[in-house]
1. Could you check the range 140-160 and list, in sequence order, the residues that are touching a residue at least 24 places away in the same chain (Cβ under 8 Å), of a type outside the set (A, V, I, L, M) and in a helix (DSSP H, G or I)?
2. Among the residues of the range 143-165 satisfying the criterion of being within 17 Å of Pro54 (Cβ to Cβ), buried (at least 17 other Cβ atoms within 10 Å of the Cβ) and of a type outside the set (Val, Ile, Thr), which is modelled with the lowest pLDDT?
3. List the pairs whose first member sits in the range 7-36 and is closer than 14 Å to Gly138 by Cα and modelled with pLDDT of 70 or more, whose second member is buried (at least 17 other Cβ atoms within 10 Å of the Cβ) and of a type in the set (Lys, Arg), and whose Cβ atoms are under 9 Å apart, counting only residues at least 6 apart or on separate chains?
4. For the range 26-78, how many residues are crowded, with 18+ Cβ neighbours inside 10 Å, of a type in the set (D, E, K, R) and under 15 Å from Ala149 (Cα atoms)?
5. Against the conditions (1) within 16 Å of the ligand (Cβ to nearest atom); (2) assigned to a helix (DSSP H, G or I), where does Met55 fall short? Just the number, please.
6. Being surrounded by fewer than 16 Cβ atoms within 10 Å (Cβ to Cβ), not in a helix (DSSP H, G or I) and not charged (D, E, K, R) is the filter here; which residues of the range 100-125 pass it?
7. When you go through (1) at pLDDT 95 or above; (2) within 16 Å of the ligand (Cβ to nearest atom) one by one for Ile84, which number turns out not to apply?
8. I'm trying to understand the selection: among the residues of the range 107-165, which are within 16 Å of the ligand (Cβ to nearest atom) and of a type in the set (Lys, Arg)?
Amino acid sequence: MLHKAVDVALALVLILMFGDLRELYQEVILDHGKNPRNFGTLENYSHTAEGSNPMCGDQLTVYVKVDEDNKIEDVSFEAKGCAISIASASIMSEIVKGKTIDEVDSLFSYFHKLCTGEETQQTNHVEEDIEKLKVMSGVNQFPSRIKCATMSWHAVDSAIKSENA
Ligand code: ZN
C-alpha cells in the first residue's frame, strides 16, 4: 500500500501549498480518484492508445470516438494506478469530450506547462476547463508524480493522432 502512503503525503503537501483552495482541490482529486468519470471501455471507438508510468505502476488505456468534424464525440478510459493518475484521467475525460482535436492539443500543452511549472500564457480556453486543470497543478512540486498526472493526456493525444480509425 505504498501508493496510499504516498498519496496521503502528497495530499498533505497540497494542503500546505494551496491555502484556501486546498480543501476544494483535495476534495476534487479524492472524488475523481474514487469515482472516476467515463471509466470503462467504449463501444464503437475510433481511436485508442495505452499509457504507462512504470515508475509508479500506473497503466491506462483510452478509447476515443472522433466524429467526421474532428470532434471528440465520446471518450472513456480503463486504468489502474495511483489516485493522481486516476483522478487526472477522469478530469481529462470530462474536459476533452466535445472538443476538437486541435483544442485537445492546445489544452494538453497548457496542462503540461501547469504540471511542469512552466509559465502559462493567457489562453482562450474555457474558464471552467482551466479551473479543473489547475486542480492537478500541485504535482509540479513533485517531479516524480508529473507523469502520473500527464500520462492520460499523452495517451489521448497519441490516440487522436494515430491512424487506427
Ligand atoms: Zn502514479
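The values are calculated or read from the model by the stated rules, or taken from the named source; none is laboratory data. Keep in mind the model is a prediction, meaning the values are calculated, not measured. No Cβ is skipped: glycine too gets one built from the backbone with ideal geometry, and neighbour counts run over all protein chains shown.
1. Result: Asn140, Gln141, Ser144, Arg145, Lys147, Cys148, Thr150, Ser152, Trp153, His154, Asp157, Ser158.
2. Arg145
3. Taking only residues 6 or more apart or on different chains, the pairs are Leu10/Arg145; Val28/Lys132.
4. Selection size over the range 26-78: 1.
5. Checking Met55 against (1) within 16 Å of the ligand (Cβ to nearest atom); (2) assigned to a helix (DSSP H, G or I), the one that fails is (2).
6. Once the filter is applied, which keeps residues that are surrounded by fewer than 16 Cβ atoms within 10 Å (Cβ to Cβ), not in a helix (DSSP H, G or I) and not charged (D, E, K, R), the range 100-125 yields Gly117, Gln121, Gln122, Thr123, Asn124.
7. (1)
8. Residues satisfying the conditions are Arg145, Lys147.
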